[in-house]
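To keep things clear, I will list the structure first and then write my remarks on it.
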Amino acid sequence: MSDIAPKELKIVGFLCNWCSYGGADTAGVSRFKQPPDLRIIRVPCSGRIDPLFVVKALLNGADGVLVSGCHPRDCHYSDGNFYARRRLEMLKRLLPFLGIDDKRFHYTWISASEGQRWQQTVTAFVKRIHELGPLNLKEEKQS
Amino acid sequence: MTVEKLKETVLDTLKDVELVMGYQMGFDALHATPLFIRKKEDAERLIWNPLCVHNLTTYLPSLKKSRVGVVVKGCDSRTIIQFLQEGLITRENVTIIGIPCQGIISVRKVLKEIEYEPVEEVSFNSDSMTIKTLKGSKTLKIEDVWPDKCITCKYPTPLIYDYLIGEPVSFDRGVEVSQVIKELEGKSLNERLAYWQKEFDRCIRCYACRNACPLCVCQDSCIAETREPHWISQRLTLNEKFMFHMIHALHLAGRCVECGECARVCPMDIPVNILKKKINLDMKELFGYVPGVNAEDKPPMYTFNVDEVNIKEHGI
Amino acid sequence: MRVGVFICHCGNNIAGTIDVARVAEETRKIPGVVYATTYMYTCSEPGQEEIKEAIKREGLDRVVVAACSPRMHEMTFRRTVEKAGLNRYFFEMANIREHISWVGEDKEFNTRKAIDVVRMAVAKVMQNRPLFSSSFKINKRVLVMGGGVAGMQAALDCADGGLEVVIVEKSQSIGGMMARLDKTFPTIDCSICILGPKMVDVAQHEKIKLYAYSEIDEIKGYVGNYQVKIRKKATYVDWSKCTGCGACMEKCPSKNAYDYFNFGVAPTKAINIPFPQAIPKKAKIDPNYCRQFTKGKCGVCAKICPTKAIDYEMKDEIITEEVGAIIVATGYSLIDMDMLPEYGGGRYPDVISGIQYERLLNASGPTAGHIERPSDHEEPKTIVFVSCAGSRDKSIGIPYCSNFCCMYIAKQAILTKDHISDSQSYVFYMDIRSPGKGYDEFTRRAQEEYGVHYIRGRVSRIYPKGKKLVVRGADTLLGTQVEIEADLVVLATAVISNKDAAYMAEKLHISYDTFGFYVESHPKLRPVETNTSGVFLAGACQGPKDIPASVGQGSAAASKILALFSGETLESDPAVARVNINACVGCLKCVKTCPFGAIKEKELRDGRVVADVIETVCAGCGVCTSTCPCGAIQLQHFTDNQILAEVNALCLI
Amino acid sequence: MADREYAYYSGCSLEGTAVEYDISVRRVMEALGIRLSEPEDWSCCGSTPAHTVDHLLAAALAARNLTIIEKMGFNTVITPCPSCMMAFKKAHHRMKEDIRFKDEVNSLLDEPYNLNVQSKSALQIIIEDIGLEKVKERVTHVMPDLKVAPYYGCILNRPPEIAQFDDPENPLSMDKIFTAIGVEVCDFAFKVECCGAAYGVPKRDMVNELTYKILSMAVDCGANCVAVACPLCQQNLDLRQQQVNIRKNTSFNIPVLYFSQIMGLAYGYSPEEMVIDKLVVNPDSLISSRITLSQWNEMKAREAEASKAKKKEKKNIEKIEEET
């Protein structure tokens, strides 16, 4: 973690309750160390995640957004992550067109048993956001 | 000749429906305006020329339970197909009068050419138009004043209709991606962000784009104005405007039929349609889906494949 | 609004790496927060009392507890605030342990993160609305999937507790893997002698209905009210007429059918009863081998059958059963020996798997209990057992231990000596895993009393040399390579999940791990529950385990269901989708995307069409909420405004 | 004539000690309609000795060659020598997995390698791109006396995640090719056993022991020759037989041929064209009985006729005996 800058950046995580939130818990129980930048919002299912939440977070000042759900076919609600996959892929492709680096938005699938994978994902994503630096969309001018 | 045939068909249709929607002359010679024909004599005012830019199908979902007729161009017909995909209209209730179209004009482009002089008279030849103003008259080739959508048009003949006025035309101008998208894609991320911030900053949040959009089904329930849920405030900041346009674009993802009404009606000349066009390119690449072409299709955001062949997992 | 925040030290678990006092101090500055305090163990009895008192003393109407994961204690604290008179949904949890104190080393960073997370929880709790659950009637019948020892135990316990049970067993007879074993460790009890009576109990219990040779086609519904479609596969024998006399099997001319029960140790007849104690003891035709099916003529069994039970035209039959809870006890599989080419698995006939050897040892097996080599039917004198044949082998994707091989190898080595007194057994092992009661003593006995030669090391290759097989491996204790010329090699092949485990999990909406084993709710505290309420696990479908562990889980799952069904009704989860009919424009996109068919259209009196949620069917995923363009359908407790409040609380400072 | 074209990297062994491998592979590929283009100015593949001392240097050497091939416009290179192939594959694999390593390697090169070249063995090309049907079609000659033990060696298929071809423990590609061209294959258990060649200089006793085991197994399984796909294996198994015979008091005299030489002989090339005389243990006695496919078919037909006649005769005799 030595290559992480002293000031943490603002990274929002949207995690489904059944798989990825559990995976993050598993990582915690196993004491898998992670950089401190990520703040997690728990949602029941990745299918609950409206891509607009991601946009809202970025516009409001987040430097990166991480979304994680159950692996495809393993959704607690059977199909939620299938919808999420399409919506999030659509957003991932739109962001660079708007001038926002799509590297700032990552979506993936992590199960409740994959604590180590969670640790690796968080570590790599935070590192990447630090490489990209702050996004600064919040500093807006009043018109 | 087309107009005569059109009138004939409209009168014929009017026997079975409450209302037929077409075009009439507007407040000056450069503008057409929608015409709602309920009585025989209304039909006298019908016109048909490249000024007939409006997508009249916008009114259909609110008339879902009435029997109506509507005059459509090729591009407008795609809206009807999209409505059918989404179950927003009942096919039996709508009589579609299709007109093959060689391209319409962008009033904005014409005004620029005539330097915003008041228009006295407009006349059309096969591929050009002559505009008479106080300062004299000017002849423009129609293709030079096409709106963006006519340049990339693939469906000049309506894809769905009950009557077709005139012979079907077909052409493909070979332009897949509109110029604005190409130019933007050639720019750096920072330049693109600056571009959109500059464009959206002009937005006055009049919601004309939303109201003109045939697929913005929410209308009065639009989350840009509600508190339950409270997505954006009424503050006039760039980010609130940006967010509004993101809501508009993402709600249209995989549904926008590229009729261009949003951009046409924008009083601030913001290229509102471009984001949706860009998303459509991705929808085609990802799901092989083009909105408003086949009534049997399912809009891609409301369905899924268990194995998505074209979505690869992203690494960090 | 008066929010109270309780920050837990969790001993040193949280306070060790988070400055909890500073978190409390910062929390007090958040608008709406009127009270913030820290407590050593908030989940303890006095900790909960403190919350209740503070609610009364400070007039709190919303509560946030910053402690461990809500997956751990959300229910605990919801009950606490409810006892103090608040609606249980006026409560939020901030996870500052699993997500902060346990994963971050820097106290300053952790403290800042904890403050943010508490602020988000406060923002959300202020958006929370009171929710009330309703109760619904339940169907007190139980479906048990799998008739192995775990499933049978679960079924018997449920039935003895007064519940009606439906068992669906994939194969022709119940009994599962245990029915194939010769003896059991560490007592050398005869396996079928102790299992047989249980099988009979299942067959004779008036509360148990058994569907053998049947599969689950579809599962619909939710806890308390499932509809299950069962496919009774065609056996081509009318089981209502079949007496199990076996005459057909005797006369059947097709003698080369694959014997699934005996794992292909020897061929069987195309019409057969798998083993003498089978339940139901009924014959079944294997159409892949039956001449009537392959050649279109034969009909011997139909002629010989005294009750005219043969029916070549039989078709699969679909039956619907309604149940209220499901026990999954689908068991395990073993890897194919083809996966071990370095051991010549599948190529050399005298390299066999442990379960095949079990059948060779068994008196009702194809060799009537005489150990003989498959290649030439000679009695082997030198037998080599290879443990971890596939298990603990990352290179073939099985990094885990198969749990019971060390023990059954010891048992088989002992039995080998009993069968062939002048034989010598060798066991290649990585380490001997024998942690059960009497287990270690048992493996010692194998070595000390029965002279089994244990060699610590892996086998690198097995190759034929004349009639023998050379087993080459390392002896890591001696530091040399050893080669043993064996007559027979037994591979303790790795335990894997069933081929269709993932497919079944998807039907049940339960999770499975990378290896296809089903995931329990909590590895320590909820070992037989799943995250899907109403679905329970028993036996090796959850992970490799031996007989006593499987039986224990079967009973545990049954007791969970007996508790669940102790009343007449269940409480519904009120965190379901709700439609604001004033905002709904009736586009019905939610109807299209709902994975559960829980939304239907409804016409209002003014003729307007809107969406309508069937509350008991709604599972609470929220796909509809993110589909609805106008935000008219909102998943309660995870509404747009609640999530936006969290986003804003985090980002807008 | 040529159906396909590939880049072809022979490597140093095939220019020297294993020239017969080079020649036979080129001829067989030609017979199968494959055109081979040799990269200009190729250099050491980096397998030895570079990779034992400096991974970066080894990868850079490999990548240099791959860059040349990439610029030629090929996406596949045939590398008959397994050592070269694995050097290429390993460099490619690591550069692909580790961007930092890729940058480091490319900084050493005049022109960067952009990861567009797959290295494949001749066996992989034959099995995957040409197909056994075609392999069979080209056969013109039959060698009835040949009984082959196919020996793949230790690195051709391993480690599997890098090799990405055939089974690492029980490879079958050579077996399938021989079966297709009508050569008898023995069930040989030591297909991937270490032959010890790499230790030929420092640990001679150990290598003798390993070579002895492989050759014994070949003889035990009924083979009269060994087929290989690696220059080092060939050299070791062929050249060392005398040494093994002295140390172990044995009398091995079993020819060790490249699989491509056997294919070439079946395709009608002369032993001279396949440079058979480069082999130390002489296989002449096994291949002298080679006949053309038509002769073989005629012979088989005659044999069938003869056995039929014999049966008939036997029946007649039986009949007569019965009658009398």
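The values are calculated or read from the model by the stated rules, or taken from the named source; none is laboratory data. Computed from a predicted model, the values in this text were never measured in an experiment. So basically every Cβ, Gly included, is an ideal-geometry build from the backbone, and we count neighbours across all protein chains shown.
Structure data summary
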{"item": "Residue that is farthest from the other protein chains (Cβ to nearest Cβ) [pool: residues in region A:29-51 that are crowded, with 24+ Cβ neighbours inside 10 Å and part of a helix (DSSP H, G or I)]", "result": "A:Ser46"}
{"item": "Qualifying helices (runs of 4 or more DSSP H) (wholly inside region D:87-205; at least 1 residues being buried (at least 18 other Cβ atoms within 10 Å of the Cβ) and over 17 Å from the mean Cα position of the chain (by Cα))", "result": "D:99-108"}
{"item": "Any hit, region B:227-234, residues being touching a Leu at 6+ places or on another chain (Cβ under 8 Å), hydrophobic (A, V, I, L, M, F, W, C), crowded, with 22+ Cβ neighbours inside 10 Å and under 26 Å from C:Phe638 (Cα atoms)", "result": "yes"}
{"item": "Yes/no for C:Glu218 being within 30 Å of C:Phe293 (Cβ to Cβ) and at pLDDT below 95", "result": "yes"}
{"item": "Among (1) in contact with a strand residue (DSSP E or B) (Cβ under 8 Å, 6 or more places away or on another chain); (2) closer than 30 Å to C:Lys198 by Cα; (3) at pLDDT 95 or above - the single one C:Thr443 does not satisfy", "result": "(1)"}
{"item": "Among residues of region D:276-286, those that are assigned to a loop (DSSP other than H, G, I, E, B) and surrounded by fewer than 20 Cβ atoms within 10 Å (Cβ to Cβ), counted", "result": "3"}
{"item": "Extreme residue, surrounded by the fewest Cβ atoms within 10 Å (Cβ to Cβ), among residues of region B:269-293 that are within 12 Å of chain A (Cβ to nearest Cβ) and without any contact (Cβ under 8 Å) to a residue 24 or more places away in the chain", "result": "B:Lys284"}
{"item": "Failed item in (1) in contact (Cβ under 8 Å) with a residue 60 or more places away in the chain; (2) in the same structural domain as B:Cys259 (by TED's automatic domain parsing), with B:Pro118 passing the rest", "result": "(2)"}
{"item": "Any hit, region C:191-201, residues being of a type outside the set (Phe, Trp, Tyr), in contact with a strand residue (DSSP E or B) (Cβ under 6 Å, 6 or more places away or on another chain) and either in contact (Cβ under 8 Å) with a residue 60 or more places away in the chain or part of a strand (DSSP E or B) (or both)", "result": "no"}
{"item": "Residue in region C:514-537 that is in contact with a Cys (Cβ under 8 Å, 6 or more places away or on another chain) and more than 13 Å from chain A (Cβ to nearest Cβ) present", "result": "no"}
{"item": "Lone qualifier among C:Ser391, C:Ser425, C:Ser395 - being among the small types (Gly, Ala, Ser) and crowded, with 24+ Cβ neighbours inside 10 Å", "result": "C:Ser425"}
{"item": "Residue among D:Phe252, D:Phe259, D:Phe188 that is without any contact (Cβ under 8 Å) to a residue 60 or more places away in the chain and closer than 20 Å to D:Ser121 by Cβ", "result": "D:Phe188"}
{"item": "Set A:Tyr83, A:Tyr107: member being touching a helix residue (DSSP H, G or I) at 6+ places or on another chain (Cβ under 7 Å), assigned to a helix (DSSP H, G or I), under 21 Å from A:Lys56 (Cα atoms) and within 11 Å of chain B (Cβ to nearest Cβ)", "result": "A:Tyr83"}
{"item": "Residues within region C:610-653 that are under 28 Å from C:Lys137 (Cα atoms), facing chain A (nearest Cβ under 9 Å) and assigned to a loop (DSSP other than H, G, I, E, B), tallied", "result": "6"}
{"item": "Hey, B:Glu296 surrounded by fewer than 22 Cβ atoms within 10 Å (Cβ to Cβ) and either within 14 Å of chain A (Cβ to nearest Cβ) or in contact with a Ser or Thr (Cβ under 7 Å, 6 or more places away or on another chain) (or both) or not", "result": "no"}
{"item": "Of all residues in region B:72-98 being touching a helix residue (DSSP H, G or I) at 6+ places or on another chain (Cβ under 6 Å) and within 13 Å of B:Val17 (Cβ to Cβ), the one that is nearest to the other protein chains (Cβ to nearest Cβ)", "result": "B:Thr95"}
{"item": "Lone qualifier among C:Thr514, C:Thr480, C:Thr476 - being more than 33 Å from the chain's Cα centre (by Cα), closer than 21 Å to C:Ser391 by Cβ and surrounded by fewer than 18 Cβ atoms within 10 Å (Cβ to Cβ)", "result": "C:Thr476"}
{"item": "When residues of region C:94-140 are limited to those that are part of a strand (DSSP E or B) and in contact with a helix residue (DSSP H, G or I) (Cβ under 9 Å, 6 or more places away or on another chain), the one nearest to the other protein chains (Cβ to nearest Cβ)", "result": "C:Asn95"}
{"item": "Residues satisfying the stated conditions in region A:52-110, i.e. modelled with pLDDT of 95 or more and charged (D, E, K, R)", "result": "A:Lys56, A:Asp63, A:Arg85, A:Arg86, A:Arg87, A:Glu89, A:Lys92, A:Arg93, A:Asp101, A:Asp102, A:Lys103, A:Arg104"}
{"item": "Checklist (1) over 23 Å from C:Phe515 (Cα atoms); (2) under 27 Å from the mean Cα position of the chain (by Cα); (3) in contact (Cβ under 8 Å) with a residue 60 or more places away in the chain applied to C:Tyr408, failing item", "result": "(1)"}
{"item": "Count of residues meeting criterion [in a helix (DSSP H, G or I) and not acidic (Asp, Glu)] in region C:244-289", "result": "4"}
{"item": "Hits in region C:558-593 - residues which are aliphatic (A, V, I, L, M) and closer than 30 Å to B:Pro61 by Cβ", "result": "C:Val576, C:Ala577, C:Val579, C:Ile581, C:Ala583, C:Val585, C:Leu588, C:Val591"}
{"item": "Residue identified as under 17 Å from the mean Cα position of the chain (by Cα) and in the same structural domain as B:Asn55 (by TED's automatic domain parsing) among B:Leu275, B:Leu286, B:Leu236", "result": "B:Leu275"}
{"item": "Those residues of region B:234-266 which are touching a helix residue (DSSP H, G or I) at 6+ places or on another chain (Cβ under 7 Å), facing another protein chain (nearest Cβ under 8 Å), within 17 Å of A:Pro51 (Cβ to Cβ) and in a helix (DSSP H, G or I), in sequence order", "result": "B:Asn239, B:Phe242, B:Met243, B:Met246, B:Ile247, B:Ala249, B:Leu250"}
{"item": "Residues located in region C:603-653, provided they are among the basic types (Lys, Arg) and either within 37 Å of the chain's Cα centre (by Cα) or closer than 20 Å to B:Gln219 by Cβ (or both)", "result": "C:Arg608"}
{"item": "Wholly enclosed strands (runs of 3 or more DSSP E) of region C:298-373 bearing at least 1 residues touching a Gly at 6+ places or on another chain (Cβ under 6 Å) and within 14 Å of chain D (Cβ to nearest Cβ)", "result": "C:351-353"}
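Residue-wise test of (1) under 19 Å from D:Glu169 (Cβ atoms); (2) within 14 Å of another protein chain (Cβ to nearest Cβ); (3) of a type in the set (Val, Ile, Thr).
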site	(1), (2), (3)
C:Thr382	no, no, yes
C:Ser387	yes, no, no
C:Phe404	no, no, no
C:His419	no, no, no
C:Tyr429	no, no, no
C:Gln447	no, no, no
C:Ile455	no, no, yes
C:Ile462	yes, yes, yes
